[in-house]
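One structure below.
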Amino acid sequence: MSVLLLVRVSRCRPEVDIVVAPCQGFQSAEVTLGEYVNHFLPVITFAISEAELSTLDVNELQEIKEKFSLPVFFFKVPNLGAELISPQNAENEKSSLYRQLLDLGYLSTNHCSCGAPSSDAKAQSMLVEQSDKIRLLSTFSRQVLQQRLVDAATVLNLVHCRCLDIFINQAFDMQRDLQITPKRLEYTRKKENELYESLMLIANRKQEEMKDMIIETLNNMKEELLEDAANMEFKDIIVPENGEPISSRDVKCCIKQIQELIISRLNQAVANKLINSVDYLRESFVGTLERCLKSLEKSQQDVTVHITSNYLKQILNAAYNVEITFHSGSTVSRMLWEQIKQIIQRITWVSPPAITTEWKRKVAQDAIESLSASRLAKSICSQFRTRLYISHDAFAASLRQLEAGHSGRLEKTEDLWLKVRKDHAPRLARLSLESRSLQDVLLHGKPKLGRELGRGQYGVVYLCNAWGGHFPCALKSVVPPDEKHWNDLALEFHYMRSLPKHERLVDLHGSVIDYGYGGGSSIAVLLIMEQLHRDLYTGLKAELTLEIRLQIALDVVEGIRFLHSQGLVHRDIKLKNVLLDKNSRAKITDLGFCKPEAMMSGSIVGTPIHMAPELFTGKYDNSVDVYAFGILFWYICSGQVKLPEAFERCASKDHLWNNVRRGVRPERLRIFDEECWQLMEACWDGDPSQRPLLGIVQPTLQNIMDRLCGSNSAPLNKGLDDST
């Protein structure tokens, strides 16, 4: 017999319904369970009166497991006349009922012989064969309900994280669109103008070459043309074989067909040579332009602009695929037709001539000799220039229309990008923090605060002996003072938790929201992280050796490079945010200002002496971390925590920032190695584009370490440490 404890949750109070399944012959327990499982949180108990499960019981339990996969509280009912409390089995003795449930998959090997799950197990089925252990039903019910809460919190957190990742990816796409589209438009305009000017230059300079080319072509083709004309068979004209004359009308048709033969052959030869002179331009310019136009077309939603973009491509084909025009023969045809009309006017006869081979050759020769190569070349170049100008003007007009359409779209994109960064993503991040914290507190409980390890501007760090299977831990307690700090903290948690584990980053174990922090009404977020030995500030005060300091510098660069590879910018690299383990290996911590580039709003954040000058402009990228490392490296090489004199002389933070913008940097100390000093100067260069990539900094540091900390490193280390 199975009994369902159905928990009904309402806003006012939870309610419990007890449902007893009918007899097996009337309706199975799995059918009864199916009627309620979608609307309630079921806690299933299965009472067994015999020493073993019957075949019907086994079948019923198999169906329940296959359809619902829910834990079950199995209770052995004492037989009538038996003692109220049945004697326990021996410690290692397992009942046949236990073995049956083990075979069915309800119990597992981490259950004790009595059928109760181990203390660290999740909500699992439980077997109770002694009457006095019926009280375990309460524990079982709590486990089932808690596991349901954990599952719900897990699913909810997955949804929050997935949606947040989508928003962040969309922010990347929008940022790229805002950066790339204006550059594509400018590139398209520039390249088309270069192409236009190059083609116009060809048109202006090619006239004399074209004249020589036409003369050469005619001379080379003359005999072939005369022979083809002499052997020509006329269409739709009957030429008497006995040499009798034909009508004047037929003579004109014959002359016209000879003309068309010369035109088509000459046109093909001239066009091919002209095309060769501009082919390299079409290949180098038009392909790039068309790819650029396609990308602009894809990012534009307005159908009318799609038509404009298609028109731009048609203009390109009309203007630059010149073989289409020249192959058609229109340009040369018009010129030759004028020449042929003059030939016809010069031909005089008393009576219509006989159409003989000699006559056809004579007509073709007169036509060829009367052609003016200079006039043909001039006309071709003139029409070429006219066509180019018209196409270029139409292209520019269409590009302006396309640019106007993108301008409106980009304004909307920028507004949406701002909403994603300022509103949508932070709100989702906070929901993600809350759902994950609920999941963590349900699974591992609230952490216990130990002694204080340190404190910063926004939080206190405590020792936490153990939590969630990790020990010891460091617990960062933060009480966000306003909505902005809540959002920043939530995003920090999301980025830290989303990152793959890396040995150069402090590992985040989990989070818990304490709604009664300090025994009051404050709400604090407790971030549980791995505990390290000390920070770099404390380490430098303890006079670390040069070799250890250079290894720390390498560790920091490795950690920053990993963050950058994940699309993140730390924005607050400093002594206090570099933690050291017992072996003095470094890990980066505190991602409070860490964000993807696409999510950065241009706000001024960081620690003043480590802040790059471009931070004050609101437009910066991940090179600000390279600048901050340069300042950090100054401390590492100096082996001290004392401020550089250039910064110590500043009366205020604003004074310091103004000096940094004007190019003031830490002074060179006499103990600095030349290569170390050059690396510092390169990293804190005022021009972000001139700062070295971290992929270059890392091997440079390794070479410095190999050189300074080789077999003769002991005296050098001693000298440096003594001087500091």
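What follows is calculated from the coordinates using simple rules that are stated; it is not laboratory data. The structure presented is a predicted model; accordingly, all values stated were derived computationally and were not measured. Note that we place each Cβ from the backbone using ideal geometry, even for glycine, and neighbour counts take in every protein chain shown.
Listed by chain and number, the aspartates and glutamates whose alpha-carbon sits under 13 Å from that of Lys422, ignoring those within fewer than 8 places in the same chain, are Glu414, Glu483, Asp488. Multiplying the residue separation of Val16 and Leu416 by 0.36 nm and subtracting their alpha-carbon distance yields 139.3 nm. Packing order of peptides 216-223, 619-626, 154-161, 254-261, highest average first: 619-626, 254-261, 154-161, 216-223 (average count of other Cβ atoms within 10 Å over each peptide's residues). Extending 7 Å from the Cα toward the beta-carbon at both Glu63 and Tyr515 defines two label points whose distance is 4.2 nm.
Within the straight-line cut-off of under 21 Å between alpha carbons, the lysines reachable from Lys446 are Lys122, Lys476, sequence neighbours fewer than 8 places apart in one chain being disregarded. Cβ-Cβ distance of Lys252 and Gln365, R₀ of 30 Å, FRET efficiency by 1/(1 + (r/R0)^6): the value works out to about 0.95.
Placing a pseudo-label 7 Å from each Cα along the Cα-to-Cβ vector at Lys576 and Glu675 gives an inter-label distance of 3.4 nm.
Close amide H partners of Ala354, meaning residues 5 or more places away or on another chain with modelled amide H under 5 Å apart, do not exist here.
Inter-label distance, Lys190 to Asp173: 2.8 nm, where each label sits 7 Å from its Cα along the C-beta direction. Shape of the range 622-718 from the C-alpha gyration tensor: oblate (a/c of 1.5 or more and a/b not above b/c, with a ≥ b ≥ c the square roots of its eigenvalues). Within the straight-line cut-off of under 25 Å between alpha carbons, the lysines reachable from Lys360 are Lys222, Lys235, Lys252, Lys256, Lys341, sequence neighbours fewer than 8 places apart in one chain being disregarded. Nearest 0.05, what FRET efficiency do Phe471 and Lys294 give at R0 = 45 Å with Cβ-Cβ as r? Once the sixth-power term is evaluated, E becomes 0.20. The listed peptides 685-693, 590-598, ordered by packing as a protection proxy, come out as 590-598, 685-693 (highest mean of other Cβ atoms within 10 Å first).
In a reduced charge model with +1 at each Lys and Arg Cβ and -1 at each Asp and Glu Cβ, the range 543-689 shows a dipole moment near 420 debye about its Cα centre. Among the listed pairs Lys412/Lys484; Lys484/Lys582; Lys67/Lys94; Lys183/Lys587; Lys412/Lys501, a Cα-Cα separation exceeding 32 Å is found for Lys484/Lys582; Lys183/Lys587; Lys412/Lys501.
Extension gain for Arg135 to Arg668 (0.36 nm times residue separation, less C-alpha to C-alpha distance): 184.4 nm. The 3J(HN,Hα) values that the Karplus relation (6.51, -1.76, 1.60; θ = phi - 60°) gives for the range 414-427 are, in residue order, 5, 4, 5, 4, 5, 5, 4, 6, 8, 10, 4, 5, x, 5 Hz. Gly and Pro appear as x. Between rounded, prolate and oblate, where does the range 533-650 land on the alpha carbon gyration tensor, with a ≥ b ≥ c its root eigenvalues, rounded for a/c under 1.5, else prolate if a/b exceeds b/c? Judged from the Cα gyration tensor, the range 533-650 comes out oblate (a/c at least 1.5, b/c at or above a/b). Length gained on full extension, Gln147 to Leu201, computed as 0.36 nm times the residue gap minus the Cα-Cα distance: 11.6 nm.
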